[in-house]
1. Working only within segment 343-381, note down all residues that are of a type in the set (Val, Ile, Thr), in contact with a Lys or Arg (Cβ under 9 Å, 6 or more places away or on another chain), more than 23 Å from Ala560 (Cβ to Cβ) and part of a strand (DSSP E or B).
2. From the list Pro373, Pro410, which residue is closer than 30 Å to Arg55 by Cβ and of a type outside the set (Lys, Arg)?
3. Which of the residues that make up segment 109-140 are within 23 Å of Pro437 (Cα to Cα), of a type outside the set (A, V, I, L, M) and assigned to a loop (DSSP other than H, G, I, E, B)?
4. Quick one: Asn193 ticks every box in (1) closer than 27 Å to Lys315 by Cα; (2) touching a strand residue (DSSP E or B) at 6+ places or on another chain (Cβ under 9 Å); (3) open to solvent by 10 Å² or more (accessible area, probe 1.4 Å) except a single one, so which number is it?
5. Go through segment 382-417 residue by residue and tally those that are of a type in the set (D, E, K, R), under 16 Å from Glu461 (Cβ atoms) and outside any strand (DSSP E or B).
6. Please go through segment 547-562 and pick out each residue that is buried (at least 18 other Cβ atoms within 10 Å of the Cβ) and among the hydrophobic types (A, V, I, L, M, F, W, C).
7. Could you grab the pairs with beta carbons closer than 8 Å, sequence gap of 6+ or different chains, first residue in segment 300-329 and assigned to a strand (DSSP E or B), second one loosely packed, with under 14 Cβ neighbours inside 10 Å and of a type outside the set (Ser, Thr, Tyr)?
8. Against the conditions (1) part of a strand (DSSP E or B); (2) among the aliphatic types (A, V, I, L, M); (3) closer than 25 Å to Thr383 by Cα; (4) open to solvent by 10 Å² or more (accessible area, probe 1.4 Å), where does Leu485 fall short? Just the number, please.
Amino acid sequence: MRHRLSAALVACAALALGTTTALSTALPTARGYAADQPPGARSVRGVGDYPDPIRALRLKTLTDSQAALNAKFTDLGKFGRFTDFFPSPDFGDHVALLPTGKVLLFSFERITTNPQQEPAPTQTIGKENAGRAYLWDPSLGTGPNAFKAVPPPVVNVDDGLDQPRPAPLFCAGHAYLPNGMVAVFGGNFGGNNGAGTRFSFVFDPWTEKWLRQQDMSVGRWYPTVVTGADGRQTIMSGQTELGWGTATPIIERFPAAGTDVTYGRTFTENNPVDQWQKADAPYRMDYPHLFSLNDGKIYGFGRDADQQFLFDPVKETRTQLPNRPDGGLRMYGSAVALPNGTAGPNSVLILGGNRDDPNTYLFSGGRWTKSTPRAFGRAMDDTLIMPGGNLFTVNGSYGIRDYGFGDLNPNADLKYRQTEARDANGAWTLGPAQRIPRGYHSNAVLLPDGRIMVTGDELQELATNPDIKNPDANGSIEIYEPPYLFQGPRPTLTDVPTRAQGYNRFFPVDTTSTNVTKAVLLAPITSTHSVDTSQRYLELPIAERSNGQLLLKTPPSPEAAPPGYYMLFLLDAKGVPSIAKWIQLSPNG
């Protein structure tokens, strides 16, 4: 996957884990940021020259420094805590929470175990350029039996070598279909510093199988996908089969216009993808942030300041939006469609992506304003919407493969391991630190029980893995328990309707709690590279209360909340949430 290679690979440095002096490197030019995959970079084979004792020492040192820092955050009702840390068979570069409660993780077969080299087969042509995928079932705990291999289908990549292998889905884009399935587009073709495949797949959480769809018209490496009000997915950007520097402007749609959108738990193979005919998306850089807001339009926030666009999926038009006020180019960083009561989101907050800029930028009402800053600038971060509507940032680094001490050096500035939370007034507060640094390819998922799963960043996972010889122990997962889990008894949500719910309709839910003050829908997360187009927060009016039951009202329209599966939380006056249950929204409900 996209990487930055030094002229000479950095030798193993001392395990310096404290904060460094202030780093003030100027923001690179657009061409400078393209150095995260330099021309001529080559695949590096595993050479086994990173000592296993260093991996064990690194993990111990990080564990000790985490404990020392987090001793300052003893008020669990204010800061929460990190708890479990356990091995995962997958790096977790791509994740998706499924309506079954399981988490889909997928990435690649490593080509080296040395964390000072690029382990992904971005440049590899042939059978070693292969994908892998697993399910983690949180209800089964944290051991090996909680994971199940769900490998991508075997394909024959059109690279002229006739070497079938599990589809290299890493470097793809993905979003949810209205029936809870995950559609994945693109992947790694191999070579040319990041070339895209034309593959389209759907993962079915009910059968736990992959379904191949018709190929796209063009290869895409690092595309973005968003689900709109009509339940169809819009696919933009990504480097073509020709490799880095050939981002495609073609906009594609799935399922194709004129074909049915499926809301039930069955899906077939070979459904078509089609192209927009009246507009394109001329992004120079990949993985733009796309959001379908409550006017039904798709807002596309590119990494370049001057590439901010408004797309109308009905008329197939594109309109220029004002430039982002920070100027220049941002690396990968998070963006969130902000909560907006019962109406659905109408604004977006752009956060990380610039190590030198701690400010956040709000787009609302057709214009930009500078919003409240975080404690410091960070790239590669992940920001989640919590059940109470606050934001939570975890993960981050100085650069693509730079944690504060130079490219491909696993030593990390301690500050990038600290979390940060934003309250209802927009104020940010630093919190406890995670176990290992996680920057490039990191992810975080809010689980239905209210905990947060943190995973990803294969370089740091390799650098802290004392069981490196085990091919089924590639990655790691850490669990964070937010403050609301320590603020008193949780409301109960005992039963919800199992059939799909229509819009602007009333539906009953059962609860034994009498102190419920709010009901919210939170869309699940499917993310990679700090990009998540699915995350969404809506409040539901409580129309009536009776013995053990609440009568709730669904969102007003598919524009407010695109059809699909959402987690329903009940909250008390302190913001303590229940364990969520799943609700499906459908225009046919």
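The values are calculated or read from the model by the stated rules, or taken from the named source; none is laboratory data. Bear in mind the structure is a predicted one, so any value in this text is a computation, not a measurement. Ideal geometry is used to build each Cβ from the backbone, glycine not excepted, and the neighbour counts take in all protein chains shown. Side chains included, ligands, DNA and RNA excluded: accessible areas come from the protein's heavy atoms. Shrake-Rupley method; radii C 1.70, N 1.55, O 1.52, S 1.80 Å.
1. Across segment 343-381, the qualifying residue is only Thr360.
2. So the residue among Pro373, Pro410 that is closer than 30 Å to Arg55 by Cβ and of a type outside the set (Lys, Arg) is Pro410.
3. The answer is Glu109, Arg110, Thr112, Thr113, Asn114, Pro115, Gln116, Gln117, Glu118, Pro119, Pro121, Thr122.
4. Of everything listed in (1) closer than 27 Å to Lys315 by Cα; (2) touching a strand residue (DSSP E or B) at 6+ places or on another chain (Cβ under 9 Å); (3) open to solvent by 10 Å² or more (accessible area, probe 1.4 Å), Asn193 misses just condition (1).
5. The number of residues fulfilling the criteria is 2.
6. Across segment 547-562, the qualifying residues are Leu550, Leu552, Ala560, Ala561.
7. Asp304/Ala30; Gln308/Gln320; Gln308/Pro322; Gln308/Asn323; Phe309/Gln320; Leu310/Gln320; Thr317/Lys278; Leu329/Ala30
8. (1)
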